[in-house]
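Nothing in this text is a laboratory measurement; each read-out follows from the coordinates by a stated rule. Since the structure is predicted, the reported quantities are computational estimates derived from the model, not experimental observations. Cβ placement follows ideal geometry from the backbone for every residue including glycine, while neighbour counts extend to all protein chains displayed.
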There are 2 protein chains.
Amino acid sequence: MMLKHSVYFDGAVQSVGFERLGRRATVGVIAAGEYHFGTDGAERMTVVSGTLRARLDGTADWVHYPAGTCFEIPPSSGFDVEALGGPAAYLCEFL
Amino acid sequence: MMLKHSVYFDGAVQSVGFERLGRRATVGVIAAGEYHFGTDGAERMTVVSGTLRARLDGTADWVHYPAGTCFEIPPSSGFDVEALGGPAAYLCEFL
């Protein structure tokens, strides 16, 4: 299977993974609510629809990311993320 | 389930559907290749990653849509779509 469906948090976060030009990425949806994800390598999260707020591990502040903006997460780290006002769609690129 | 995983063309096109502010949308991935989709209501397809080319039903010309661009499909119609150079990710909004 070229495309891979992944389910997290009892279906509240779901993604479809793909690979292009040797780089892996996923697009997915985060249902309203707060979740924590860990990283292996570095990742870039771009908000495609809706609004996320996120707090990187080891930092104190939540930051809002409306559609069209992105944030990056260091390798071997993680982040809290919350979809505000309903589900938010994202593109996650593995850097 | 708030989020809905859909599979088309033996897994070559997969999406995650959601609803926000009363409007339905999906994000998904189209594997390299050519496919045809029909519409019930009007839809807007925005390319999130990669490049699509598309040809609306009843038209003769294929048009390229790189990431960041979009096209709209009339209701009760359809379109041919091809992901170029590898999988492409999209946001589909039901208008």
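Could you check the spin-label model distance between A:Thr69 and A:His36? Points 7 Å from the Cα along Cα→Cβ, value in nm.
Distance between the two pseudo-spin positions: 2.4 nm.
With only Lys, Arg, Asp and Glu charged, each at its Cβ (+1 for the first two, -1 for the last two), find how big the charge dipole of region B:4-94 is about the Cα centre; round to the nearest 20 debye.
Approximately 340 debye in magnitude.
Using the beta-carbon distance between A:Lys4 and B:Ser76 and R0 = 35 Å, what value does 1/(1 + (r/R0)^6) give for FRET efficiency, to the nearest 0.05?
0.60
In a shell of Cβ-Cβ distance under 11 Å around B:Glu34, excluding B:Glu34 itself, what net charge do Lys and Arg (+1) and Asp and Glu (-1) give?
Cβ neighbours under 11 Å give a net charge of 0.
Residue farthest toward the positive end of the dipole of chain A, with Cβ of Lys/Arg at +1 and Asp/Glu at -1: which of A:Ser77, A:Cys92, A:His36?
Looking along the dipole axis, the top candidate is A:Cys92.
Over the whole of B:45-53, what's the average partner chain Cβ count within 10 Å per residue? Rounded to a whole number, please.
For peptide B:45-53, the averaged partner shielding equals 3.
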